[in-house]
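Scroll down for the structure; my scribbles are underneath it.
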Amino acid sequence: MIRIAIELGVQRLTWECSPQNVASRRLAEHLGFRYEGTARADYVVRNERLDTDRLSLVGDELAAAGCRR
């Protein structure tokens, strides 16, 4: 997916996951995504407001991540 984004000229990729989803965040970080912050009360599920962790790859980070296997 990262290689396709680079080929398409994308300058920013965002990864969003639940703060409780440690495996998802670890995978994002392993791929080179950097933590930006937590959006508090970002969305609603069954009348409960939940947070979202946001990570991103921008600019030169994209190219570096695209080279990883």
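The values are calculated or read from the model by the stated rules, or taken from the named source; none is laboratory data. A quick note: this is a predicted structure, and the numbers were derived from the prediction, not measured. Note: ideal-geometry Cβ built from the backbone for every residue, glycine included; neighbour counts use all protein chains shown. Note: areas computed on protein heavy atoms with side chains; ligands, DNA, RNA excluded. Shrake-Rupley method; radii C 1.70, N 1.55, O 1.52, S 1.80 Å.
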Exercise. Could you go through the stretch 23-37 in sequence order and give the Karplus-derived ³J(HN,Hα) for each residue, using 6.51 cos²θ - 1.76 cosθ + 1.60 with θ = phi - 60°, rounded to whole Hz, and x for Gly and Pro?
Key: 4, 5, 5, 4, 4, 4, 5, 4, 7, x, 5, 10, 5, 9, x
Self-check item: Label-to-label distance, nm, for residues given as HIS30 and ARG3 (7 Å Cα→Cβ offset)
Solution: 1.8
Quiz item: What is the packing order of peptides 50-56, 9-15, taking the mean over residues of other C-beta atoms within 10 Å and listing the highest first?
Solution: 50-56, 9-15
Self-check item: Which of GLU7, GLU16 is most accessible, then next, and so on - probe 1.4 Å
Solution: GLU7, GLU16
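Normalised by the number of residues in the chain, what is the relative contact order in percent for Cα pairs under 8 Å and 6+ residues apart?
So the answer I get is 40 percent.
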Quiz item: Long-range amide H contacts for GLU36: which residues qualify at under 5 Å (H placed 1.01 Å from N, peptide plane, sequence gap of 5 or more or a different chain)?
Solution: ARG54, LEU55, SER56
Quiz prompt | Amide H contacts of ASP42 (H built 1.01 Å from N, under 5 Å, at least 5 apart or other chain) | solution = LEU50, ASP51, THR52
